[in-house]
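S.K.: Let me give you the structure first, and then I'll get to my questions.
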Amino acid sequence: MEELAVGTRVDHPRYGEGIVSKNKITSYEIFFERGGKIEITKRNEDLEVIETPAEKPIAIGTLTLAEVEKVLRFVLEEQSALQEIVPMGEKWIGGNMLLQPANLSLKPKEIPIESFFHKIVMLRDRLRVLEQNINSHPGLSDEEKVNMQQYITRIYGSLTTFNILFSDKDHYFVGAKS
């Protein structure tokens, strides 16, 4: 296999698609869709080149900040790591959530709704990634995938209470439909 340039898109049977981020002496550092940052020896025959960079590799030390930002945005978009912007319902913006213990001698806890909403959105996004990983996992049988998917569907159903925070129904949690 010929040397892979930084920016080369590759596919690996276990880790999925990735992008070469460093070309070291005996290995490549690759950011994979399913495995994160992994160092793989150059002798590894499991890598399949999907796409090579259009231009010659840039010498280390000559990148501008704008070029680095452009490369990072490209990598994150390719790996679907950029989170979708999910708008919160207007009536909740600037609001607080008050958790009042039954024991009145204890202090209530006040949390900005935006912080709580952000955590709910992160939870939803991580469940979606988990679904993708389960569905694309080569070691799971179709029956195992279906069984795990049913648990995730039930989790979504348990989270439907939080749908009141979303401004758009497209972002709602949806459980099993009767």
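The values are calculated or read from the model by the stated rules, or taken from the named source; none is laboratory data. Note that this is a predicted model, so its numbers are computed, not measured. Neighbour counts run over all protein chains shown; Cβ positions are idealised from the backbone, glycine included.
S.K.: Go over the candidates Thr41, Thr62 one by one and state the one that is of a type in the set (Ser, Thr, Tyr), at pLDDT below 70 and more than 18 Å from the chain's Cα centre (by Cα).
M.R.: Thr62
S.K.: Any chance you could count how many residues in segment 65-99 are under 30 Å from Gln132 (Cβ atoms) and either modelled with pLDDT of 85 or more or not acidic (Asp, Glu) (or both)?
M.R.: 19
S.K.: Identify all residues within segment 92-122 that are without any contact (Cβ under 8 Å) to a residue 60 or more places away in the chain and in contact with a helix residue (DSSP H, G or I) (Cβ under 9 Å, 6 or more places away or on another chain); write none if there are none.
M.R.: Those that are without any contact (Cβ under 8 Å) to a residue 60 or more places away in the chain and in contact with a helix residue (DSSP H, G or I) (Cβ under 9 Å, 6 or more places away or on another chain): Ile93, Gly94, Gly95, Asn96, Met97, Ile113, Glu114, Phe116, Phe117, Ile120, Val121.
S.K.: Counting only residues that are surrounded by 14 or more Cβ atoms within 10 Å (Cβ to Cβ) and of a type in the set (D, E, K, R), which one in segment 129-166 is nearest to Leu98 (Cα to Cα)?
M.R.: So the residue we want is Glu131.
S.K.: Looking only at residues that are free of Cβ contacts under 8 Å to residues at least 60 places away in the same chain and over 21 Å from Val68 (Cα atoms) in segment 16-32, which one is surrounded by the fewest Cβ atoms within 10 Å (Cβ to Cβ)?
M.R.: Here the answer is Ile25.
S.K.: Here's something else I'd like to know. For Ala102, all conditions in the list (1) small (Gly, Ala, Ser); (2) modelled with pLDDT of 75 or more; (3) not in a loop (DSSP other than H, G, I, E, B) hold save one; what is the number of the exception?
M.R.: Looking at each condition in turn, Ala102 falls short on (3).
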